[in-house]
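To keep things clear, I will list the structure first and then write my remarks on it.
The values are calculated or read from the model by the stated rules, or taken from the named source; none is laboratory data. Bear in mind that the values here come from a model prediction, so they are computed numbers and not experimental data. All Cβ positions, even for glycine, are placed from backbone atoms using ideal geometry, and neighbour counts span all protein chains on display.
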Amino acid sequence: MIDLRLISGTANIELAQEISSYLRQPLTKTEISRFSDGEIYVQIDESVRGDDVFLIQSLSYPVNDNIMELLVTLDALKRSSAKSVNVVIPYYAYARQDRKIAPRVPISAKLIADLITVAGANRIMSMDLHAGQIQGFFNIPVDHLYASPILLDYIKNIHFDNIVIVSPDAGGVERARYYAKKLGCSIAIIDKRRPKPNVSEIMHIIGDIKDKTAVIVDDIVDTAGTLTNAAKALHKEGAKNIYACCTHPVLSGNAIEKINNSPITELITTNTIKFNKKIASDKIKVLSVGNLIGEAIRRVYHKESLSAIFE
């Protein structure tokens, strides 16, 4: 793949290296640094003229710094005469602000899409967007990847008995139904109210979870309030074991402490966001999506179907 170039931002270099290893394509040398006032400096140290470039950058903490780094790198590539710039965003920030929920508030997910497009992106690749309609915020092609094959494979290998898939809220029912169909089991739904951002209150559980192994399925775990409150409610209602899985481990604030003190046996997640080993927990299992993203990049480059990966 002579004309394919892989470039990594600083948000998740480890994941970019895994993708590079899968594709047997080295990361293009790039200098990314900060001036003393915080401004970002980028220089591409190798020629990318006429090449198809895949720029890998998760928009994780520090979110705004990583967004700006992505935009500046995009501009550098556009001015370096790259043939195309395909932006790989394993975790898409601001995705939860995908609509107006009150008067005079922004639709920030759309704003991020506009910024990335104007900066020069020709194509977007992301994983488990919080809302599927975010794909429509872009006027360029969007490849929406799913971590479900990796998470489902791990769940199947544990050999759960009497399993039930649990959606932590009404918005995640479609995701829970997909997992349940693949595992051949039933689903349960938690009726949740959110009085303000990052605060959730469990109302009641819809479905039979008594004496079953409950697996809570979500896309993002941020403060872990929703997750741990759901686990406590399931435990109270008689669930035998409680597991959880998510794609994006944001884990802000005291989320790790909440998980450690909860009835959750294990949280199964992925490395779309760089996991801080200093705050690692024995209850958290991190699976890699490097090969999956690498295969998606290979298929896009060779103009092959992506849907076959998930079928």
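Is there a residue in the range 95-114 that is crowded, with 18+ Cβ neighbours inside 10 Å, among the β-branched types (V, I, T) and assigned to a strand (DSSP E or B)?
no
Any residue that is touching a helix residue (DSSP H, G or I) at 6+ places or on another chain (Cβ under 7 Å), farther than 21 Å from Y178 by Cα and not in a loop (DSSP other than H, G, I, E, B) - is there at least one of those in the range 235-256?
Step one: list which residues in the range 235-256 are touching a helix residue (DSSP H, G or I) at 6+ places or on another chain (Cβ under 7 Å), which gives 242, 244-245, 256.
Restricting the remaining residues to those that are farther than 21 Å from Y178 by Cα gives 256.
Filter once more, so that each one left must be not in a loop (DSSP other than H, G, I, E, B): 256.
Scanning the range 235-256, I find at least one residue that is touching a helix residue (DSSP H, G or I) at 6+ places or on another chain (Cβ under 7 Å), farther than 21 Å from Y178 by Cα and not in a loop (DSSP other than H, G, I, E, B), so the answer is yes.
Take H130 and decide whether it is farther than 28 Å from A76 by Cα, in contact (Cβ under 8 Å) with a residue 60 or more places away in the chain and not charged (D, E, K, R). Working first, answer last.
Numbers: farther than 28 Å from A76 by Cα: yes; in contact (Cβ under 8 Å) with a residue 60 or more places away in the chain: yes; not charged (D, E, K, R): yes.
For H130, the condition - farther than 28 Å from A76 by Cα, in contact (Cβ under 8 Å) with a residue 60 or more places away in the chain and not charged (D, E, K, R) - is met.
Of everything in the range 3-28, what is charged (D, E, K, R) and surrounded by fewer than 21 Cβ atoms within 10 Å (Cβ to Cβ)? Give them in sequence order.
Of the residues in the range 3-28, the ones charged (D, E, K, R) are 3, 5, 14, 18, 24.
D3, E14, E18, R24 - these are the residues of the range 3-28 that are charged (D, E, K, R) and surrounded by fewer than 21 Cβ atoms within 10 Å (Cβ to Cβ).
So is N66 within 23 Å of the chain's Cα centre (by Cα), in a strand (DSSP E or B) and either at pLDDT below 95 or buried (at least 17 other Cβ atoms within 10 Å of the Cβ) (or both) or not? Even if it seems obvious, please write down each step before you answer.
Working: within 23 Å of the chain's Cα centre (by Cα): yes; in a strand (DSSP E or B): no; either at pLDDT below 95 or buried (at least 17 other Cβ atoms within 10 Å of the Cβ) (or both): yes.
In short, no.
Please pick out the residue among I209, I155, I220 that is aliphatic (A, V, I, L, M), modelled with pLDDT under 95, surrounded by 18 or more Cβ atoms within 10 Å (Cβ to Cβ) and touching a Phe, Trp or Tyr at 6+ places or on another chain (Cβ under 9 Å). Outline the logic, then answer.
Details: I209 fails: touching a Phe, Trp or Tyr at 6+ places or on another chain (Cβ under 9 Å); I220 fails: modelled with pLDDT under 95.
Going through I209, I155, I220 in turn, just one is aliphatic (A, V, I, L, M), modelled with pLDDT under 95, surrounded by 18 or more Cβ atoms within 10 Å (Cβ to Cβ) and touching a Phe, Trp or Tyr at 6+ places or on another chain (Cβ under 9 Å): I155.
In the range 265-300, which residues are of a type in the set (A, V, I, L, M, F, W, C), touching a residue at least 40 places away in the same chain (Cβ under 8 Å) and either surrounded by fewer than 14 Cβ atoms within 10 Å (Cβ to Cβ) or within 26 Å of V166 (Cβ to Cβ) (or both)? Don't jump to the end; show me each part of the working.
Going through the range 265-300, the residues of a type in the set (A, V, I, L, M, F, W, C) turn out to be 267-268, 273, 275, 279-280, 284, 286-287, 289, 292-293, 296-297, 300.
From what's left, touching a residue at least 40 places away in the same chain (Cβ under 8 Å): 267-268, 273, 287, 289, 292-293, 296-297, 300.
L267, I268, I273, L287, V289, L292, listed by residue number.
What are the residues in the range 41-63 that are over 23 Å from F275 (Cα atoms), buried (at least 16 other Cβ atoms within 10 Å of the Cβ) and not acidic (D, E), if any?
The first filter runs over the range 41-63 and keeps only residues over 23 Å from F275 (Cα atoms), leaving 41-53.
Subsequent filtering for residues that are buried (at least 16 other Cβ atoms within 10 Å of the Cβ) retains 42, 44, 48, 51-53.
Passing the criteria: V42, I44, V48, V53.
Take the residues in the range 267-311 that are closer than 14 Å to V221 by Cβ and among the basic types (K, R); name whichever of them is nearest to the chain's Cα centre (by Cα).
K285
Out of everything in the range 232-249 that is of a type in the set (G, A, S) and over 25 Å from the mean Cα position of the chain (by Cα), what residue ends up being surrounded by the fewest Cβ atoms within 10 Å (Cβ to Cβ)? Walk me through how you get there before you give the answer.
Within the range 232-249, the first condition is being of a type in the set (G, A, S), and the residues that meet it are 233, 238-239, 244.
Narrowing further to those that are over 25 Å from the mean Cα position of the chain (by Cα): 233, 238-239.
Working: A233: 23, G238: 12, A239: 24.
Of everything passing the filter in the range 232-249, G238 is surrounded by the fewest Cβ atoms within 10 Å (Cβ to Cβ).
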